[in-house]
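Colleague: I am attaching a structure below and will ask some questions about it afterwards.
The values are calculated or read from the model by the stated rules, or taken from the named source; none is laboratory data. Values in this document were obtained by computation on a predicted structure and should not be read as measured data. All Cβ positions, glycine included, derive from the backbone under ideal geometry; neighbour counts span all protein chains shown.
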Amino acid sequence: MVTEIEVRMTARLRLRRPVMDDVKSIVAIDSDPRTNLHRPGGAPSPDKNVQTFSEFVRGWEEHDDGYWIVEFDGDIIGMAGVEPQLFLERECWNLYYRLSPIAWGNGFAVEAAKEAVTVASSLQPKWPVVAHERSELRGRAHCRKCWLTTMPRTGHQWFRGLCAWLVVPGSGFDNGPIHVRLSRIT
C-alpha cells in the first residue's frame with residue numbers, strides 16, 4: 001500500500017519514494033560538477049553517490065519517510081524532501097534538494113521544497129525544518145520562498161562555518177534555549 005507521503009503531486013512535479021532502479025539517474029545528477037559548486041571537496045565519487053543513494057532508499061524502508069525522487073514530465077530531474085535528523089539533541093527535519101542543471105531556473109526546487117515543508121509540518125508540527133545552505137544567494141532565496149528564516153551561523157565544525165540554519169518561523173527552534181546553544185558554538 002502506498003502512503004500519502006510516498007507519492008506527492010505538485011502543480012508540475014511528481015515526488016515519489018526512491019527505489020534502487022533510480023540510482024543511475026541520481027548518480028549522474030549528483031556527480032555533475034555543476035550541482036556541487038558549493039560543496040567542499042566538489043562532487044563525490046560515483047561509488048560514494050551510490051552509497052548515499054542506498055542510504056536514502058534504506059531511510060524510507062526503515063522510517064517510511066525521506067527524500068523523494070523529483071520527476072517532471074516523466075523524467076527524473078533530481079531529489080528533494082525532508083528526512084528526520086538529530087541536531088544538538090533536538091529532533092528536526094533536514095530539508096534537501098539537488099536538481100539536474102537542465103531543471104534549474106524553473107522554480108522546481110522551491111516547488112518541491114514547499115511540498116516537503118508542508119509534509120514535514122503535518123507529520124511532526126513541533127519539529128523545526130532545517131536547511132543547510134552555503135553563502136550562495138540562490139540557496140537563501142529558495143529557502144525564504146519556502147517560509148524559512150535565517151538563523152545565526154553555527155560555526156559547528158562539521159559545517160566548517162559555512163552553513164546558516166533556516167527554520168520554519170514559530171517552530172520554537174529560533175528562540176529559547178536552543179538559540180542560545182547555537183549561538184555559543186565556536
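Colleague: Considering only region 119-142, I want to know if a residue exists there that is within 12 Å of the chain's Cα centre (by Cα), under 20 Å from ARG14 (Cα atoms) and modelled with pLDDT under 90. Working first, answer last.
Modeller: Filtering region 119-142 down to residues within 12 Å of the chain's Cα centre (by Cα) leaves 120, 129-133, 139, 142.
If we keep only those that are under 20 Å from ARG14 (Cα atoms) too, we end up with 120, 142.
So of that shortlist, the ones also modelled with pLDDT under 90 come out as 120, 142.
Yes - at least one qualifying residue is present in region 119-142.
Colleague: Quick one: in region 94-110, of everything that is under 12 Å from the mean Cα position of the chain (by Cα) and of a type in the set (A, V, I, L, M), which residue is surrounded by the fewest Cβ atoms within 10 Å (Cβ to Cβ)?
Modeller: VAL110
Colleague: Suppose we keep only residues that are touching a residue at least 40 places away in the same chain (Cβ under 8 Å) and among the acidic types (Asp, Glu) within region 56-93. Which one would you say is surrounded by the most Cβ atoms within 10 Å (Cβ to Cβ)?
Modeller: ASP65
Listed here are the residues, each with its yes/no results for (1) within 23 Å of ASN106 (Cβ to Cβ); (2) at pLDDT 95 or above.
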{"residue": "ARG12", "(1), (2)": "yes, yes"}
{"residue": "LEU15", "(1), (2)": "yes, yes"}
{"residue": "ASP22", "(1), (2)": "yes, yes"}
{"residue": "ASN36", "(1), (2)": "yes, no"}
{"residue": "ARG39", "(1), (2)": "yes, no"}
{"residue": "VAL50", "(1), (2)": "no, yes"}
{"residue": "SER54", "(1), (2)": "no, yes"}
{"residue": "LEU86", "(1), (2)": "no, no"}
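Colleague: If we keep just the residues of region 41-97 that are in a loop (DSSP other than H, G, I, E, B) and among the aliphatic types (A, V, I, L, M), which is farthest from ALA28 (Cα to Cα)?
Modeller: Residue satisfying both the conditions and the ranking: LEU88.
Colleague: I'm trying to understand the selection: among the residues of region 10-26, which are hydrophobic (A, V, I, L, M, F, W, C) and touching an Asp or Glu at 6+ places or on another chain (Cβ under 9 Å)?
Modeller: Hits for region 10-26 are ALA11, LEU13, LEU15.
Colleague: Please tell me if TRP165 is in a loop (DSSP other than H, G, I, E, B), surrounded by 16 or more Cβ atoms within 10 Å (Cβ to Cβ) and modelled with pLDDT under 80. Write out each step before concluding.
Modeller: Values: in a loop (DSSP other than H, G, I, E, B): no; surrounded by 16 or more Cβ atoms within 10 Å (Cβ to Cβ): yes; modelled with pLDDT under 80: yes.
No: the conditions fail for TRP165.
Colleague: Additional query: Do the conditions hold for ASP32, that is, is it more than 16 Å from the chain's Cα centre (by Cα), surrounded by 13 or more Cβ atoms within 10 Å (Cβ to Cβ) and charged (D, E, K, R)?
Modeller: In short, yes.
Colleague: For region 98-112, give me the residue count where each residue is touching a residue at least 40 places away in the same chain (Cβ under 8 Å), part of a helix (DSSP H, G or I) and more than 17 Å from ALA11 (Cβ to Cβ).
Modeller: Residues that pass the stated criteria total 1.
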